[in-house]
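The values are calculated or read from the model by the stated rules, or taken from the named source; none is laboratory data. In this text, all values refer to a predicted model and were calculated from it rather than measured experimentally. Every residue, glycine among them, receives a Cβ derived from its backbone with ideal geometry; neighbour counts consider all protein chains shown. The protein model used for the area step is the full one, side chains on, heavy atoms only, and it has no ligands, DNA or RNA in it. Shrake-Rupley method; radii C 1.70, N 1.55, O 1.52, S 1.80 Å.
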Amino acid sequence: MTSPTKAEGSGPSAALDPELDSNTEPAEAAKLKGRSPGQLMWQRFKRDRTGVVSACVVIFFFVIAALAPVISALYGKDPYTLYAQEPDYPFLLDDFAMPTGSLGGISGDFWFGVEPKLGRDVFTMLLYGMRTSLFMAVVVTVFSVLTGVVIGMVSGYFGGKVDYWLGRITDFFLAFPQQLFFIAFMPVVTALFVSPTDETPTYLRAMAIILVMWFLGWMGMARLVRSSVLSLREREFVEAAKVSGASPARIVRKEILPNIVTPILVQGTYMLPSSILSIAFLSYVGVGFVEPTPDWGRMFAIGSEIYEQDPAFMFFPGVAMVIFVLTFNLLGDSVRDAFDPKTGR
């Protein structure tokens, strides 16, 4: 006799539809298929309107940032040209170097107005500034997540002296005042590679920002992963893997890591908007990106100097940053609720 086959999608990694119970007719049961945890998560996420809208807004921001050069070419302007000095726009700025017209010089030629004093196009400055901030934040977040996951898993799984010393190292890095360290350490990093008399290249500033933020950005993820691994390493399925002769690397990769993907993913969604704010802060205080690199923080720095004469200049970058950070945080909440319905709002 042949043993009965399992229904499609059954097993430890799948969850059957609730309609499939003991009262279900065989013909009806054959039509019902099991759904994996990923499918269940997707079904719950699609029912969350806030999460879906937030995801669409976040995707929109990333698409706009990625297509910034294309949009700029179609728009016919760039964030570097001083249009106030161009013969085609002789009256772009008034005698006080402020935009002529209302709302910062908004017109059919300049959709978001022009920058005071220099006359650059605000729309393309915002596009390229968004591109710079998002790219940097993604790189910093990926590096910080990977570092935190590795250190947290090693510390939590092996315990003992390994856990003790990695914990002390984590505490040491947590003791640094991050904002002050950013301001103090950025010039040191750039001075290691560039003479004080030379201009620091933009790519070197970007590498320095990534290095500093990565250096001080992995500790929260490491602690979260460590606590999750500590609660899992004594579970029955881990003990069974040890008895079967699986190596520690295989146990960590195959048994523990899949069970902590949810907190890692949720924490990562909170780290990315925080990285954007930190990058903007560095440029705002003058140790991040400088002229002529477009950046959200630089736009705020310019706006803070002329907000009394031209308050409209800060409006568009301010609204864009608030919307992105808010929607990304809401997206993180929705992802958490989709993975773990017990935490539903």
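Taking every residue in segment 115-135 that is at positive phi and assigned to a loop (DSSP other than H, G, I, E, B) and pairing it with any residue that is among the aromatic types (Phe, Trp, Tyr) and open to solvent by 10 Å² or more (accessible area, probe 1.4 Å), at least 6 positions away or on another chain, the pairs with Cβ-Cβ distances below 9 Å are GLY119/TYR83; GLY119/TYR89.
For segment 227-267, the set of residues classified as closer than 15 Å to ASP163 by Cβ and open to solvent by 80 Å² or more (accessible area, probe 1.4 Å) consists of GLU234 only.
Within segment 132-151, being at pLDDT 90 or above, more than 10 Å from the chain's Cα centre (by Cα) and not aromatic (Phe, Trp, Tyr) holds for SER144, VAL145, LEU146, THR147, GLY148, VAL149, VAL150, ILE151. Taken over segment 64-110, the residue count meeting the criterion of being in a loop (DSSP other than H, G, I, E, B), of a type in the set (Gly, Ala, Ser) and more than 29 Å from PHE324 (Cβ to Cβ) is 1.
From the set of residues in segment 125-176 that are open to solvent by 60 Å² or more (accessible area, probe 1.4 Å) and aromatic (Phe, Trp, Tyr), which is farthest from GLY217 (Cα to Cα)? Once the filter is applied, the top-ranked residue is PHE158.
Can you work out which of the residues in segment 316-340 that are touching a residue at least 40 places away in the same chain (Cβ under 8 Å) and under 21 Å from GLY113 (Cα atoms) is surrounded by the most Cβ atoms within 10 Å (Cβ to Cβ)? Going through the qualifying residues, I end up with PRO317.
Among the numbered conditions (1) over 30 Å from ASP333 (Cβ atoms); (2) in contact with a Ser or Thr (Cβ under 6 Å, 6 or more places away or on another chain), the only one that VAL70 does not meet is (2). The residues in segment 177-218 that are among the aromatic types (Phe, Trp, Tyr), modelled with pLDDT of 80 or more and either in contact with an Asp or Glu (Cβ under 6 Å, 6 or more places away or on another chain) or open to solvent by 40 Å² or more (accessible area, probe 1.4 Å) (or both) can be counted, and the count is 3. For segment 80-103, the criterion of being modelled with pLDDT of 80 or more, open to solvent by less than 70 Å² (accessible area, probe 1.4 Å) and on the phi > 0 side of the Ramachandran plot is met by none of the residues. Take the residues in segment 43-79 that are touching a residue at least 40 places away in the same chain (Cβ under 8 Å) and basic (Lys, Arg); name whichever of them is most open to solvent (accessible area, probe 1.4 Å). The selected residue is ARG44.
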